[in-house]
Every structure is written in C-alpha cells, then in structure tokens.
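These notes concern the structure reproduced below.
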Amino acid sequence: MRPGVLALQGDFAEHRRALEACGTDPIEVRTAADLEHVDALIIPGGESTTMLKLVDRYELREPLVKHIEAGLPVFGTCAGAIVLASKASDGEPPLGVLDVAVRRNAYGRQRESFEAEIDVTGVGIVPAVFIRAPVFEDPGEGVEVLATWAGRPVAVRSGRLLAIAFHPELAGTLAMHRFFLEEMA
Amino acid sequence: MVEHGTDRIKRGLAEMLKGGVIMDVTSAEQARIAEEAGAVAVMALERVPADIRREGGVARMADPNRIVEIVEAVTIPVMAKCRIGHFAEAQVLQALGVDFIDESEVLTPADERYHVDKWAFTVPFVCGATELGEALRRIGEGAAMIRSKGEAGTGNVVEAVRHLRAIGDGIRRLQVAPVEELMSEAKELGAPYELVREVAAAGKLPVVLFCAGGLATPADASLVMQLGAEGVFVGSGIFKSEDPALRARAIVEATTYFKDPEVLAKVSRGLGEPMRGLDLRDIPVEERLAPRGW
C-alpha cells in the first residue's frame, strides 16, 4: 500500500514524516500522473483558498474527483478537509466529494487558534492543534460525526473519506494517521 | 483544557504557509489581486519598500484603518510590520486581529539595542536574519518564523542569496561539529546553547525559513527555493512591475514547481517589465536595511 500526500502547498512534509513513522513509503503528489501511483491520499493543512486555486490551475480537480469517486481513500486535515467538502462559507468552491459544508476560520483569527484534547470515535482521545480552523456544518446522510468541539463537528467520515478540522501532524501523535491507514485505506 | 498562543500554534501557522508566496500589498484592491493570484498570505503596508527607500523619512507601522481594510478584504492570513523593538506597535497589531507580525528592518528601528519580547504575544512573529546566529537570537526571543533580510526594495536578489547561504552554511557546520565544540560555537554565534544543540541534531532551524528581500522574477523564486527556502516573500517586486496580477501568478507557480525548469520557462514568458532594480554598490552603506537588527 503506497500513500501519497498532495504537495502543492502547506505542511505536506509533516504528513510525509507521519506516514513514514507509520511504516509506509509515501510519495508527494503534484500532478495528475502522480495520482495514478497512490492507493490512498492525504490532503494536508495549508491555506485552503490558495490550495484550491492551485488545484484548478494545475488541472487536478477532475482527476482528483474521478479517483475519489472510484474509491480512493482520502484524509483531509484543516485546509485539506475544506478541499473535500461540498461547499464552503466563502472563497474558492471545494471539490464537493464529501457531503458536508464548512465554515472557514470558524473560531476567528490567529489569536483565537488553540490546542485541546479531542475524543474521536474509534480512535480515542487525541491532542489537537486548531489553527485558523474550520468547522463542519449540515452533515448529509451517510456522514458520521466522529468528534465535536464546543458542540460543533470537527471530525467527520463518509465511506473512505476522513476529514478533520485540526492538525494531528503537528501534535506529535500518529493515532489519526494509523486510523486512516488501518481502518479506511 | 484549551490553550492559546502556544509554540505549536505559532510555529504551526508558519508551517501552513510553506511552499507559498507572501505578497506586500498597500490596499484592499491589491490584497484581492494577491489572493486571486494564489498568495498564501499578504503583508499589509502603507508603502512598499521601494517607496520607503525613495521617499525617506521615518517609516512606521501602517495606519490601522489601512490594515483593517485589508483584513476584511481577504480570507488568507494578513501580516503587518512593526518597527524593531516597538512592542507597543506590536500590541496594536495584535489587537487589530493581524495574524502574523513582522518585526522588520524595513521600518525605521525604534530601539537600537533590543528586539521585542515575542514570547509575550499570542500571535506569532516573523523576523529577518542575515546569518545563523541572528536567526537563533530571534528564535530565542520567541520568533515563530525566520526570513532572510535581503535588501528590500531593490529588486536585487543578491543579498537574500547571501543570507540564505550563510544560514545554510552555519547549519551544516553545526551538524558536523563534535558535541563538545557546540558551546564554543554558541558563543561565537551569539546564540542560545539549547538552540545550537537542537539545530546540530535536526540539521534545520526549529522554525520555518522563508526568503525575503529583492525578489522580482519567477526565476528568483525558484533560485531561493532551490537554495533551501521553504517559501518566499515578494515585496515591491509585484506591485512595482508592469503587470502585477500576471507576475504574481507566475511567481506562485514558480514557487510550487521550483524544481521544474519546463514550468519555469513557461511561466517566465510575456510578463512585461519587472520592477527596475538597484545595484547594491549604488546604495550608500548607511542607507542599507539589512544591517538593522542586533
């Protein structure tokens, strides 16, 4: 099983390191051709507006949607979660492959960013870093909410797609990556 | 338990900006052009460095009205500059909701001896450095991101290259030094011993390193990324050029695909005139910005 990390922008190197620590040999995905070589994909944290513009500019939207609809397991963190969603509160339109809406910068600006411990169904309690984080809204049928913070969904799963509003790759935990690799990929 | 303003959160925001371009803007309209071009953040300014250099006088923090107008215009993070050592300007910027503060040598220094105590703030700081010791002193003071200083406002990348190479050389030197030499290295660098040990072990700075100062073309961006920068700041180089939107976009693409000469060749074509540059030899030593900071 070879996972990939979408490497257009953001903290893809941290995800790569986490995947290596889980005993896999990940590749960085920058083109549609790279997508052909991966069995699972992580879309990292970064700036979602920028990442979605780059997805369109480098003609990756269609290939990504095609692979995801054909069953490619994908794990999106923060900006990566926004990329998967069906719609966003403002800015660039996401891929629309996961039936949930997102509110960008839901907690406010950087000074409101925070760390907390989150109880994730199927994983347990994990340390979570929220940076200018989004929250999920209106999860559709078949979308399971795995974790909430202050009453709002921050981790969701549907089929082989996992989306979380926080950054396990910055928190020194491999629990979320292991969950994705073992349970979904 | 909920914690704000931790190291992880401050350094984490810089991690999110990696592989991206941060652009200087002086209005909401320019901020929207930068966001549309694919910038990962904007730096809200009253004047770009080329104009500061030309007009002279004391350069201060931008007008809060200008900053708020830019904050409201875009969804990407907004940075703003305070003067070196001017912690009250930094307090104002944090209160305005700025996401990242640049304690910058481009503005006129407010303190000739001390920098801001950046641990005292909830928002992260980026600081300039010309070599490893300076970078580690700023990190020791709480900086969550380091950038080269370059010689801002010149459109001349030579100083930024010098700084990046000096930081890289300093790191490589520590990596091969036996552990008993590290205390003397710390003394010579003027840097905290614990950070020197950390760099020697990791082979990199403990925070994200960007390049800034004098970048004007897509090839400039690729050059500094290949030299080890994790992203770039472009100041006067975009909005002082003939076609800012086109150039901004080309520099973004060159930063993503910095290792791919085919992409660079494609995006470098038909961009119009770049900003007019300055040779460093034409700038009197007392007017240079990079030596500011201590």
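No value in this document is a laboratory result; all are computed from the given coordinates. All of these numbers come straight from a predicted model, not from anything done at the bench. Ideal geometry is used to build each Cβ from the backbone, glycine not excepted, and the neighbour counts take in all protein chains shown.
A few comments on the model shown:
- Between segment A:53-111 and segment B:126-166, the alpha-carbon centres lie 34 Å apart.
- Evaluated at q = 0.10, 0.24 Å⁻¹, a Debye calculation over the C-alpha positions of segment B:14-118 (equal weights, vacuum) places log10 I(q)/I(0) at -0.26, -1.33.
- Dividing the convex hull volume of the alpha-carbon atoms in the protein assembly as shown by its residue count gives 140 Å³ per residue.
- Along its first, second and third principal axes, ordered by size, segment A:13-109 spans 36, 27, 23 Å in Cα coordinates.
- DSSP beta bridges confined to the protein assembly as shown are antiparallel in about 35 percent of cases.
- Treating each Cα of segment B:158-292 as an identical point scatterer and summing with the Debye formula, the log10 of I(q)/I(0) at q = 0.13, 0.21 Å⁻¹ comes to -0.67, -1.17.
- Per DSSP, loop GluC sites (Glu not before Pro) in segment A:83-166 with at most 16 further Cβ within 10 Å: A:E141
- Exposed-site-free run, longest, chain B (rule: GluC sites (Glu not before Pro); DSSP loop; at most 11 other C-beta within 10 Å): B:113-241
- Set of lysines with alpha-carbon distance to B:K240 below 20 Å, sequence-local pairs under 8 removed: B:K81, B:K149
- Longest DSSP-loop-exposure-free segment, trypsin sites (Lys or Arg not before Pro), chain B, at most 12 other Cβ within 10 Å: B:114-258
- Highest-fluctuation residue, B:G12, B:G235, B:G213 considered, GNM on chain B with Cα pairs under 10 Å: B:G12
- Using a Gaussian network model of chain B in which every pair of alpha carbons under 10 angstrom is joined by a spring, one finds that among B:G214, B:G142, B:G97 the greatest mean-square fluctuation is at B:G97.
- For chain B, the square roots of the Cα gyration tensor eigenvalues, ordered a ≥ b ≥ c, give a/c below 1.5, which places it in the rounded category.
- Nearest-0.05 FRET efficiency for B:D111 and B:A245, computed from C-beta distance (R0 41 Å): 0.60
- For segment A:26-65, applying the loop criterion from DSSP together with a ceiling of 13 other beta carbons within 10 Å to the GluC sites (Glu not before Pro) yields A:E36, A:E59.
- Applying a DSSP loop filter and a limit of 11 other Cβ atoms within 10 Å to the trypsin sites (Lys or Arg not before Pro) in segment A:56-99 leaves nothing.
- Label-point separation, A:E144 to B:R276 (7 Å along Cα→Cβ), nm: 6.6 nm
- For chain A, the Kirkwood hydrodynamic radius from C-alpha pairs, put into Stokes-Einstein at 37 °C and a viscosity of 0.692 mPa s, yields a diffusion coefficient of 206 µm² per second.
- For A:K87, the aspartates and glutamates whose Cα comes closer than 18 Å to its Cα, not counting residues fewer than 8 places off in the same chain, are A:E47, A:D56, A:E62, A:E69, A:D99, A:E137, A:D138, A:E141, A:E144.
- DSSP bridge orientation in segment A:3-184 - percent antiparallel, rounded to nearest 5: 55 percent
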